Amino acid sequence: MQPLRKYLREDRLPTVFCPGCGNGIIMNCTLRAIDELGINIDDIVFVSGIGCSGRIPGYINADSLHVTHGRAVAFATGIKLFNPDFEVIVFTGDGDSGAIGISHLVHAARRNIDINVISVNNLVYALTGSQTSPTTPVGAYTYTSPYGSVEGFFDLCELVTSAGASYVARWSTVQPQRIISSIIKGIQKKGFTYIEVISQCPTQFGRKNEMPDPKQLMDWFRERTVKLEVAKKLAPRKMSGKLILGEFADRDRPEMANEYRKLIEGVQRGTIKLKRPQLDWLELSFRE
């Protein structure tokens, strides 16, 4: 028996994903990571927003929330604060988290709340017919940029790294083992984790950019991406038009749900008071 079938709602198969879509690869990688860690699926809550990736949890036999556009990270934050024992995994997209939901993404990284965000970046708003997204490459053709996009590419990994995320990585669907490894690391890390996966969309992005075959897109990923350790050795001119893959952050910081729980317990015990006389302003800090 296929070992991952126990995690699936087989009555809902086949999926609604287009042939060649990367969502199936990403769901497979996520389930393989969970299986390797031996986590009880009943201890996991999946959250997803609006977009093609938002349909992934519907095929997993676990508790999940399919929420409003851009709010997946906000809902996940609430779940983690309500019950820190839950493992919370978010599926979101470049539009869902990088545009309408970007404020939630930034502040979740800043707070370092212990949730795991898997961002499926297909470089376009695919569900609604191929509109330019914050991560659409410059010059790419979309429904809203028929002559080529002139907007700059938004590096979401760089954003959440700067905001304070504990673990940040980017891979493409060409590297499933790397994706699995990063998801395992993310789940084991106590803090906010963000794993971006560059994913092929042959139906929308591919057709409009003369790459309707998913293999063409995956070959293009190979040509247009550079691993971090290689990128560090290359001159800036050789990095033009390239996207860096790798791990961008792996650090330990105080985690919000744990700090919040300690605060509540301290108030209940009376060791933390509402007011402190003669507050020493030098005790306040902009750093942990």
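Here region 259-288 is the region considered, the condition is being of a type in the set (Asp, Glu) and closer than 23 Å to Lys80 by Cα, and the residue that is modelled with the lowest pLDDT is Glu288. Taking into account only those residues within region 43-71 that are touching a His at 6+ places or on another chain (Cβ under 9 Å) and part of a loop (DSSP other than H, G, I, E, B), which is surrounded by the fewest Cβ atoms within 10 Å (Cβ to Cβ)? Per the stated criteria, the residue is Arg71. I need the full set of residues from region 221-247 which are surrounded by fewer than 16 Cβ atoms within 10 Å (Cβ to Cβ) and under 16 Å from Gly139 (Cα atoms), in order please. If the condition is that a residue be surrounded by fewer than 16 Cβ atoms within 10 Å (Cβ to Cβ) and under 16 Å from Gly139 (Cα atoms), then Arg224, Ser240, Gly241, Lys242 are the ones that fit. Looking for whichever is farther than 18 Å from Ile56 by Cβ, out of contact with any helix residue (DSSP H, G or I) (no Cβ under 7 Å at 6 or more places or on another chain) and polar (S, T, N, Q) here; the options are Asn112, Asn83. Which one fits? That would be Asn83, the only listed residue that is farther than 18 Å from Ile56 by Cβ, out of contact with any helix residue (DSSP H, G or I) (no Cβ under 7 Å at 6 or more places or on another chain) and polar (S, T, N, Q).
Taking the condition over 18 Å from Cys201 (Cα atoms), in contact (Cβ under 8 Å) with a residue 60 or more places away in the chain, in contact with a helix residue (DSSP H, G or I) (Cβ under 7 Å, 6 or more places away or on another chain) and assigned to a helix (DSSP H, G or I), does Ala74 pass? Considered against the rule, which asks whether it is over 18 Å from Cys201 (Cα atoms), in contact (Cβ under 8 Å) with a residue 60 or more places away in the chain, in contact with a helix residue (DSSP H, G or I) (Cβ under 7 Å, 6 or more places away or on another chain) and assigned to a helix (DSSP H, G or I), Ala74 comes out as no.
List the residue pairs whose Cβ atoms are under 8 Å apart, where the first residue sits in region 221-248 and is without any contact (Cβ under 8 Å) to a residue 12 or more places away in the chain, the second is among the hydrophobic types (A, V, I, L, M, F, W, C) and not in a helix (DSSP H, G or I), and the two are 6 or more positions apart or on different chains. Every condition considered, the pairs that remain are Leu234/Val226. Here Leu123, Leu127 are screened, and the one residue that is within 18 Å of Gly101 (Cβ to Cβ), at pLDDT below 95 and not basic (Lys, Arg) is Leu127. Applying the criterion of being in contact with a strand residue (DSSP E or B) (Cβ under 8 Å, 6 or more places away or on another chain) and among the small types (Gly, Ala, Ser) to the residues of region 192-240, the residue that is modelled with the lowest pLDDT is Ala231. Asp11 passes every criterion in (1) touching a Gly at 6+ places or on another chain (Cβ under 9 Å); (2) without any contact (Cβ under 8 Å) to a residue 60 or more places away in the chain apart from (1).
The values are calculated or read from the model by the stated rules, or taken from the named source; none is laboratory data. Keep in mind that what you see is a predicted model, and the values were worked out from it rather than measured. Cβ atoms come from the backbone with ideal geometry, glycine included; neighbour counts cover every protein chain shown.
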